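The values are calculated or read from the model by the stated rules, or taken from the named source; none is laboratory data. Quick caveat, the model's predicted, so the values are computed rather than measured. Virtual Cβ from ideal backbone geometry, glycine too; neighbours counted across all protein chains shown. Note: areas computed on protein heavy atoms with side chains; ligands, DNA, RNA excluded. Shrake-Rupley method; radii C 1.70, N 1.55, O 1.52, S 1.80 Å.
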Amino acid sequence: MHVERKLTLTAALSLVGVVKAAATPLVSSFGQTAVIPSWDLQSSAKVGNNLESLSKTGVDTSSWYHVGKSKCTLMGCLVETGVYNETDLFYSENLQNVDETQFSVPWTYRNEFTLEPAPGEHFHLQTHGISSRADIFLNGKQVVNKSVQAGSYAGKSYKITNLVGDSNALVIQVQPTNYYYDFALGWVDWNPWPADNGTGVWRDVEIKQTGAVALGPLRIVTKIGSTYDKLSDPATVTLKVMARNFENRTVTITAAGTIAPLSEADIPRITFNRTITLPPFSVYNVVLETVVGKPAIWWPKQWGNQPLYTATLSVFADDKLSDAVSGNFGFRSVTSKPNSYNDTTFIVNGVPFQVIGAGYTPNMFLRWDATKWESELQYTLDLGFNTIRLEGKNEHPEAYDIADRLGIFLMVGWECCDKWEAWSYNQDLAVPTPVWSDQDYVIAGDSMRHEASMLQTHPSVLTYLIGSDYWTDDRATPIYLNALKASDWQTPIIGSASKRGFSPLTGPSGLKMEGPYDWVPPNYWYDTNEKGNYANRFGAAFGFGSELGAGVGTPELSSLKKFLSSSDLEDLWKAPNKALYHMSRAGSEFTTRKIYNDGLWKRWGAPTSLDDYLMKSQLTDYEATRAQFEAFATNWNAKRQATGLIYWMLNNAWPSLHWNVWDYYMKPAGSYFGAKVGSRKEHVTYNYVTKEVWYLDRTIDATARDRRVEIDALDSQGKVMFSSVVNLAAYPQTSRRVTSLNTAYTLGNIKDAAFLRLVLRAGTTKDGKVLSRNVYWVSKDLDVLDWDRSEWYVTPVRTYANYTALNILPAADVVTQVVKGQNEEVVVNLENKSKVPAFFVMLNLVGKDGKDVLPLTWDDNYVTLWPGEKLNLTARAVGKGKWEPAAVQVVGKNVGRKSVTLG
Ligand SMILES: *[C@@H]1O[C@H](CO)[C@@H](O)[C@H](O)[C@H]1NC(C)=O
Ligand SMILES: *[C@@H]1O[C@H](CO)[C@@H](O)[C@H](O)[C@H]1NC(C)=O
Ligand SMILES: *[C@@H]1O[C@H](CO)[C@@H](O)[C@H](O)[C@H]1NC(C)=O
Ligand SMILES: *[C@@H]1O[C@H](CO)[C@@H](O)[C@H](O)[C@H]1NC(C)=O
Ligand SMILES: *[C@@H]1O[C@H](CO)[C@@H](O)[C@H](O)[C@H]1NC(C)=O
Ligand SMILES: *[C@@H]1O[C@H](CO)[C@@H](O)[C@H](O)[C@H]1NC(C)=O
Ligand SMILES: *[C@@H]1O[C@H](CO)[C@@H](O)[C@H](O)[C@H]1NC(C)=O
Ligand SMILES: *[C@@H]1O[C@H](CO)[C@@H](O)[C@H](O)[C@H]1NC(C)=O
């Protein structure tokens with residue numbers, strides 16, 4: 001209908017109008033929702049601020065940027081459209097050259113689409129959060145202003161029935177984001193801040209068509225048996241939704257619910273309905289309940305399967321569908337309780353659940369990539385983790401669908417260190433941050449309502465942390481809690497991720513945030529005071545650590561070369577105290593590798609080359625993550641239990657030199673394999689402080705069974721020190737001491753350094769299946785921590801361990817054969833032909849071009865082989881990427897670098 005009018009414009013413009021009007025309507029039936037699929041984008045410095053005219057159809061946008069994506073921040077869009085090249089931006093210090101001033105003015109997103117409006121049809125515009133404030137115009141009229149559409153998470157639905165036509169032009173003008181004034185997605189010290197501060201349409205914008213009655217988000221409430229043995233009892237499922245009558249007449253609706261299994265077809269489809277009468281313009285909370293006789297229970301992958309169901313609630317008015325909403329869900333229960341130390345324990349399906357995971361970050365330009373996320377979750381499972389913490393980086397609905405399917409818990413919550421925590425009592429805020437205004441409390445409430453309804457149905461959501469470093473104030477707390485309650489929130493709500501204080505409405509969080517974030521030696525996690533307890537031991541392995549780690553995660557050379565210049569690479573090992581751009585953000589405590597390098601230099605000797613530095617770094621990283629994960633897992637049964645661990649961090653927002661389990665390019669290195677060994681479900685560990693060997697089991701599906709632990713040690717020359725075997729009866733969900741090695745005949749009297757190998761076998765005989773194989777390097781003396789001089793980010797070391805004897809190990813000869821395994825697998829047969837251990841042998845799969853084959857998993861890597869020992873290690877493809885392996889590169893601390901082609 002606008003075509004006619006547009007024909008009066010220039011020929012070129014009218015052509016655009018005609019073509020667009022002829023296109024398929026974005027939505028054409030009741031209950032249909034469509035995402036605005038692409039955007040034209042331009043700065044207000046170029047196109048001005050007349051949104052009324054920019055939002056009329058037929059505007060010539062040929063000089064604008066055209067993005068074929070439904071969502072991207074300004075920087076994300078400019079990368080998509082080729083204005084910036086991410087590879088180049090991330091190289092060396094190039095990122096500093098992006099002109100920030102271009103983002104100090106508003107920018108405009110624009111799209112034209114067609115509809116077929118007719119009487120009785122209703123249209124709605126749905127946002128899911130725009131950074132950070134936006135004026136929205138449609139067909140020359142304002143839909144909403146920037147005081148109302150404010151906050152990166154404040155998604156809303158606007159009625160646009162009166163504004164739509166056959167041809168439509170939508171304009172969203174976004175305002176510059178300031179992390180201290182706006183509710184955005186900030187970065188603290190992890191990486192440089194993006195030049196646009198994440199401004200833009202970072203989440204989808206949708207158009208929905210309905211009849212007279214439209215529905216809000218579907219809430220699905222499940223009730224299952226409250227204890228482990230009652231899980232097969234009948235479950236109730238309640239579907240709830242707010243139905244709004246958009247017409248000035250009484251409408252009688254039938255609300256019909258359907259529940260069907262999504263993945264396991266073991267229950268019949270269930271349907272149920274009821275009739276409701278809605279007065280003019282009224283809102284009604286529709287509630288439909290049913291019983292599922294034998295619910296299939298959703299478990300985290302660690303403990304079982306992930307059966308999912310889908311629920312749909314449809315409303316029929318005037319004998320036809322008016323609207324429908326649906327969501328996937330699973331039957332599972334999560335509760336939490338503080339123990340006698342006020343440390344939080346989560347309970348999943350009636351079983352106490354130790355959280356093992358790490359802190360996630362999106363790409364720094366918020367470039368969401370579902371395939372990458374799925375690979376990241378596959379890595380998470382491969383590591384033996386069960387949880388990921390998202391601190392104010394709640395991503396998109398798809399993220400939760402994938403986590404539901406893969407069986408990984410997500411700890412979702414708000415972020416620290418900026419507007420989100422601008423409380424009068426927050427000691428750590430940057431100076432200008434104003435405390436919340438009345439309007440800010442409204443934005444916070446809108447944000448919570450939106451996120452709660454996005455998350456509510458997903459079994460993968462473990463908890464919502466309404467605070468991070470600080471607890472929420474007395475006005476915000478009930479706003480958040482009421483919003484969660486209104487969404488029928490079903491899992492624990494935690495007040496903050498720290499123990500700094502709490503609102504009486506939430507009670508103590510039971511999560512600690514006391515560091516470390518920088519390098520500490522492996523015995524840190526086990527260190528107790530003279531009385532044998534953890535008083536003033538901050539991050540050590542007790543309680544629930546919400547973000548802590550030894551600050552490791554050094555990428556290997558193949559990754560480093562992608563983002564460091566040759567002089568940057570030299571700095572790594574020649575300038576150990578220098579501030580490096582790819583460490584943390586300028587001004588933070590973590591701009592240098594000084595604390596880490598002090599340890600590396602003192603414990604391993606000054607590096608003699610970049611290769612030597614990286615080898616010593618990988619040893620340091622592996623040792624650090626393994627000790628942390630093992631200490632927490634081992635202390636699951638301790639008097640003061642270790643109830644959870646969120647390692648800081650899982651991944652990086654850009655190519656970073658630290659704080660990850662795998663690097664930006666998804667290459668797993670030392671920190672990955674240390675974490676992986678340390679997170680095995682059934683495992684044997686060594687406590688550096690007590691010199692004890694421990695057994696641990698994180699499964700629930702087993703009963704008592706026999707296990708054999710083989711303990712062997714070699715001295716720094718490779719000579720046998722001792723060899724022993726302990727048989728034990730193993731029980732699920734336990735950890736127990738196996739034996740002490742603190743005797744003169746064992747590790748009580750090391751000359752300089754020693755190797756310790758622990759092998760766990762099924763059964764009691766030496767040919768039992770190997771369940772865990774774990775090799776340590778142990779120094780004569782431990783690192784000594786100076787607990788009294790602890791800072792929030794580190795506990796310094798007073799005297800260092802000495803591993804230098806291991807630098808002069810004779811070279812080992814490792815015979816390697818690389819064969820193709822089944823499907824997308826490569827098997828490497830290793831054999832140590834020498835009389836000395838082959839220390840810390842790293843395998844790297846490369847293609848014909850010599851480049852890393854990624855993403856992939858190795859069942860084990862960075863392994864140490866005893867003289868004569870054989871090991872087969874398997875690499876497997878992750879995801880559906882290109883899998884064209886050609887060779888395996890092999891190198892070890894005392895094993896020369898070589899490349900073995902696939903035979
Ligand atoms: C970015 O630049 C790199 C080289 O600097 C090039 O290999 C790559 O193809 C470019 N990416 C895009 C999307 O153009
Ligand atoms: C924005 O819209 C709201 C609601 O319509 C209105 O109350 C407010 O005055 C508007 N603000 C501005 C600055 O126009
Ligand atoms: C980004 O936020 C920071 C701090 O909140 C502010 O200083 C800076 O000016 C902002 N940048 C832009 C482009 O708005
Ligand atoms: C609804 O209908 C009533 C009765 O016809 C009328 O008085 C009222 O103005 C209408 N309201 C609106 C918002 O159209
Ligand atoms: C409502 O339930 C009744 C009884 O099961 C059934 O006959 C009817 O078709 C259902 N209506 C809808 C709209 O699903
Ligand atoms: C646990 O928290 C409660 C407040 O809810 C407090 O009264 C109690 O002293 C705390 N216990 C310990 C061991 O800190
Ligand atoms: C470290 O150990 C080596 C060899 O075992 C020894 O020569 C050296 O003196 C030790 N260094 C320190 C600082 O004790
Ligand atoms: C390793 O693999 C080879 C064949 O590739 C096989 O002969 C050998 O038995 C395997 N060794 C172990 C310990 O699994």
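Checking each residue in the range 115-130 for being open to solvent by less than 10 Å² (accessible area, probe 1.4 Å) and under 15 Å from Ile207 (Cα atoms) picks out Leu115, Phe123, His124, Leu125, Thr127, Gly129. Listed by first and then second residue, the pairs with beta-carbon distance under 7 Å, at least 6 apart or on different chains, first residue in the range 560-584 and in contact (Cβ under 8 Å) with a residue 24 or more places away in the chain and within 20 Å of Trp654 (Cα to Cα), second of a type in the set (S, T, N, Q) and open to solvent by 30 Å² or more (accessible area, probe 1.4 Å), are Leu580/Thr592; Met583/Thr592. Tell me whether the range 157-164 contains one or more residues that are farther than 22 Å from Met75 by Cβ and touching a Pro at 6+ places or on another chain (Cβ under 7 Å). Looking for residues that are farther than 22 Å from Met75 by Cβ and touching a Pro at 6+ places or on another chain (Cβ under 7 Å), one finds at least one in the range 157-164, hence yes.
Determine whether Arg249 is over 30 Å from Thr73 (Cα atoms), more than 16 Å from ligand 7 (Cβ to nearest atom), without any contact (Cβ under 8 Å) to a residue 12 or more places away in the chain and not assigned by TED's automatic domain parsing to the domain that holds His582. It is false that Arg249 is over 30 Å from Thr73 (Cα atoms), more than 16 Å from ligand 7 (Cβ to nearest atom), without any contact (Cβ under 8 Å) to a residue 12 or more places away in the chain and not assigned by TED's automatic domain parsing to the domain that holds His582.
With respect to the conditions (1) in contact with a helix residue (DSSP H, G or I) (Cβ under 6 Å, 6 or more places away or on another chain); (2) surrounded by fewer than 14 Cβ atoms within 10 Å (Cβ to Cβ), Ala753 lacks only one, and its number is (2).
Results for (1) modelled with pLDDT of 95 or more; (2) surrounded by 14 or more Cβ atoms within 10 Å (Cβ to Cβ); (3) within 16 Å of ligand 8 (Cβ to nearest atom), shown as yes or no for each residue.
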| position | (1), (2), (3) |
| --- | --- |
| Leu806 | yes, yes, no |
| Glu825 | yes, yes, yes |
| Val836 | yes, yes, no |
| Phe839 | yes, yes, no |
| Met842 | yes, yes, no |
| Asp849 | yes, no, no |
| Trp866 | yes, yes, yes |
| Thr874 | yes, yes, yes |
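Could you say whether any residue in the range 102-118 is of a type in the set (A, V, I, L, M), within 19 Å of Asn168 (Cα to Cα), touching a helix residue (DSSP H, G or I) at 6+ places or on another chain (Cβ under 9 Å) and touching a residue at least 12 places away in the same chain (Cβ under 8 Å)? No, every residue in the range 102-118 fails to be of a type in the set (A, V, I, L, M), within 19 Å of Asn168 (Cα to Cα), touching a helix residue (DSSP H, G or I) at 6+ places or on another chain (Cβ under 9 Å) and touching a residue at least 12 places away in the same chain (Cβ under 8 Å). Per the listing Thr491, Thr506, Thr472, the residue uniquely away from ligand 3 (no atom under 16 Å from the Cβ), hydroxyl-bearing (Ser, Thr, Tyr) and surrounded by fewer than 22 Cβ atoms within 10 Å (Cβ to Cβ) is Thr506. Within the range 141-162, if we keep just the residues that are open to solvent by 10 Å² or more (accessible area, probe 1.4 Å) and in contact (Cβ under 8 Å) with a residue 40 or more places away in the chain, the residue that is farthest from Pro397 (Cα to Cα) turns out to be Lys141.
Residues checked against (1) at negative phi; (2) in a helix (DSSP H, G or I); (3) in contact with a Pro (Cβ under 9 Å, 6 or more places away or on another chain); (4) not polar (S, T, N, Q):
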position: Met411; (1), (2), (3), (4): yes, no, no, yes
position: Glu415; (1), (2), (3), (4): yes, no, no, yes
position: Asp474; (1), (2), (3), (4): yes, no, yes, yes
position: Asn482; (1), (2), (3), (4): yes, yes, no, no
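Among the residues of the range 510-525, the ones that are of a type outside the set (Asp, Glu) and either open to solvent by 10 Å² or more (accessible area, probe 1.4 Å) or assigned by TED's automatic domain parsing to the domain that holds Thr620 (or both) come to 3 in all. Selection within the range 70-101: residues that are over 26 Å from the mean Cα position of the chain (by Cα) and away from ligand 1 (no atom under 14 Å from the Cβ). The member of this set that is least open to solvent (accessible area, probe 1.4 Å) is Val98.
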